[in-house]
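Working notes, structure below.
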Amino acid sequence: MIMNSPTPAQHAAVTLHGNVGVLAGAGAGKTSTLVERCLTRLLDPSARLGLEEILMVTFTEAAALQMRERIRRRLEIELARCRNESVPDAGIRVRHLEEQLALVESAHISTLHGFCLRLIRAHFFELEIDPQAAVLDADQAQVLRDEVLQEILDRCYAGDDAGSAAVLDWIETEGGGRDALLRNLVFRLHDHAQTRPDPGAWLTGQRERFDHAEPSFWAGLFIQ
């Protein structure tokens with residue numbers, strides 16, 4: 001698949017050399033642009049670049065699979081063209097394209113967490129981590145989160161936690177005697193914290209703001 005009518009910004013993202021930062025919303029064509037940037041380097045005879053030297057990461061397995069398949073199809077198209085048409089250095093280009101097609105399955109094209117898992121397994125000894133470590137899927141992660149929160153709440157109900165009284169009072173006054181609202185708020189807070197560069201530091205900062213008698217930080221936001 002060849003990118004159809006790229007915008008000026010997409011063209012710049014594909015062709016510029018060096019580090020390029022791209023900011024775009026959902027559906028803006030980030031995956032296509034990234035694939036085209038990769039292919040531009042692979043198909044440039046002067047670049048002498050191979051897939052084993054390229055890392056492409058995304059956030060979902062579907063997007064990673066899409067990138068891999070788009071690269072494969074484009075390489076197949078270019079290989080057929082070089083074999084059937086008279087192009088400069090056809091023999092060299094054919095060998096290069098055949099090599100790249102052979103590397104597609106093992107290329108570093110994956111989700112961000114998939115790439116991190118590969119690093120962990122390659123360096124588990126230095127990291128002192130079990131080499132059989134795995135990435136939890138969404139359902140497994142939800143079960144684990146439920147279990148951890150249940151353990152925390154059980155300690156609160158038993159009065160074994162320093163904040164037990166405050167938690168129980170909140171459940172009674174804000175949750176109507178049920179902890180469903182609290183569970184929902186905890187998970188929402190956790191999900192948001194995970195979007196921050198340093199979740200722990202962000203949570204600590206929020207607690208420090210709540211410790212102030214006057215809500216000066218939030219007042220400043222409203223004034224702005």
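Over every Cα atom in the range 93-154, the radius of gyration and the widest Cα-Cα span, Dmax, amount to 18.5, 66 Å. For helix 90-103, what angle does its Cα long axis make with the longest principal axis of the chain, in degrees from 0 to 90 and rounded to 10? Value to nearest ten degrees: 30. When +1 charges are put on Lys and Arg Cβ atoms and -1 charges on Asp and Glu Cβ atoms, the dipole computed for the range 126-182 relative to its Cα centre reaches about 240 debye. Size descriptor for the range 74-224, Kirkwood hydrodynamic radius: 21.5 Å (Cα pairs only, one decimal). For the chain, the dipole from Cβ point charges (+1 on Lys and Arg, -1 on Asp and Glu) about the Cα centre works out to 1380 debye, to the nearest 20. For the chain, modelled as a GNM whose springs connect Cα atoms under 10 angstrom apart, the maximal fluctuation among T31, T40, T195 occurs at T195. Relative to the longest principal Cα axis of the chain, at what angle does helix 180-193 sit, 0 to 90 degrees, rounded to 10? The angle comes out at about 40 degrees. Averaging Cα coordinates gives a centre for the range 21-58 and one for the range 97-139; these two points are 19 Å apart. A full extension of the chain between V22 and D211 corresponds to an added length of 64.2 nm, given 0.36 nm per residue minus the alpha carbon distance.
Here E69 and R121 are evaluated by their C-beta separation; at R0 = 41 Å the FRET efficiency comes out at 0.95.
Here's the picture: charge each Lys and Arg Cβ at +1 and each Asp and Glu Cβ at -1 in the chain, and of Q194, I109, P88 the one pushed furthest to the positive end of that dipole is P88. Within the accessible surface of the range 116-224, defined with a 1.4 Å probe on protein heavy atoms only, the carbon and sulfur portion equals 57 percent. Max-minus-min Cα coordinates of the range 1-125 on each principal axis give 47, 40, 26 Å, with the largest extent listed first. Axis angle, to the nearest 10 degrees, between helix 138-157 and the longest C-alpha principal axis of the chain: 20 degrees. Accessible surface computed residue by residue for the range 113-224, with neighbouring protein chains in place and a 1.4 Å probe, gives 79 Å² per residue. Take the Cβ-Cβ distance between N184 and A133 as r, set R0 to 22 Å, and report the resulting FRET efficiency rounded to the nearest 0.05. Between N184 and A133 the formula returns 0.15. With a cut-off of 13 Å on the backbone N, the residues of the range 6-26 near the modelled label site 7 Å out from D44 along Cα-Cβ are 12-20. Placing a label point 7 Å from the Cα of Q194 along the Cα-to-Cβ direction, the residues of the range 133-148 with a backbone N closer than 18 Å are 134-148.
The values are calculated or read from the model by the stated rules, or taken from the named source; none is laboratory data. As the structure is a computational prediction, the values presented were derived from the model and not from experiment. Neighbour counts are summed over all protein chains in view; Cβ atoms, including those assigned to glycine, are modelled from backbone coordinates with ideal geometry. Side chains are part of the model used for accessible areas, which takes the heavy atoms of the whole protein and leaves out ligands, DNA and RNA. Shrake-Rupley method; radii C 1.70, N 1.55, O 1.52, S 1.80 Å.
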